[in-house]
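Read the figures in this text as sums done on the coordinates, not as results from a lab. In this text, all values refer to a predicted model and were calculated from it rather than measured experimentally. We place every Cβ from the backbone using ideal geometry, glycine too, and count neighbours over all the protein chains shown.
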Amino acid sequence: MSLRWSSRSRDTNGVQIDQPGTYWYHSHEAGQYPDGLRGAFIINDPKSPYKGQYEEEMVLTLSDWYHEQTPSLLKHFNSVTNPTGAEPIPKAALMNDTQNLTVSVLPGKTYMFRIANIAAFAGQYLWFEGHTMRIVEIDGIYTEAAEADMIYLTAGQRASVLVTTKNDTSSNFAFVGSMDEVGKAQPLIYIILT
Ligand SMILES: [Cu+2]
């Protein structure tokens, strides 16, 4: 097994950590990564410019899932029966490696979600129903807070967003990851904020 540090802009096999932020790791051996050898890799920053502006941090991974394991997918992908080189289409979308994830939050508090798309293939749109988010980090770089209703992350991308929950305990709010066009199967997963 080998693990490669992936920051998209810069891949090195020797890990030297000089930049805080939201990253992820995955295997580069055979087909281990789409089959699950992948995860978030967070480098905390005691000097974050957003320190003190949120109650709690939560890590949220978006990913895709195939119902066949990678070796058999690759066999078809690299065969004469696939002359266009069409990539295998994921069968499901996952958040934190599951479906129907529930996250408990308190009303009227700000949370920082560190979001990483650790998929093999599919991009996803993400939004929090009834809430806006403030994007404060993209791929390990702090940004000026930018308000957004929805964010789109391709495979490999990360973002941190601040979400202030409504001062309202009368209902739950879904947050939704929606796979883009490539993953037509099961486009929606719902996550309930309680
Ligand atoms: Cu890689």
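Points worth noting:
- Of all the listed residues (119, 93, 145, 155), the sole one being among the small types (Gly, Ala, Ser), within 16 Å of residue 53 (Cβ to Cβ), surrounded by 14 or more Cβ atoms within 10 Å (Cβ to Cβ) and touching a residue at least 12 places away in the same chain (Cβ under 8 Å) is 145.
- Residue that is farthest from residue 141 (Cα to Cα) [pool: residues in the stretch 18-30 that are crowded, with 17+ Cβ neighbours inside 10 Å and away from the ligand (no atom under 13 Å from the Cβ)]: 22
- Filtered residues of the stretch 47-93 (kept if among the small types (Gly, Ala, Ser) and within 19 Å of residue 161 (Cβ to Cβ)): 48, 52, 63, 93
- Looking across the stretch 61-90, the residues that are surrounded by 16 or more Cβ atoms within 10 Å (Cβ to Cβ) and assigned to a helix (DSSP H, G or I) come down to 70, 73.
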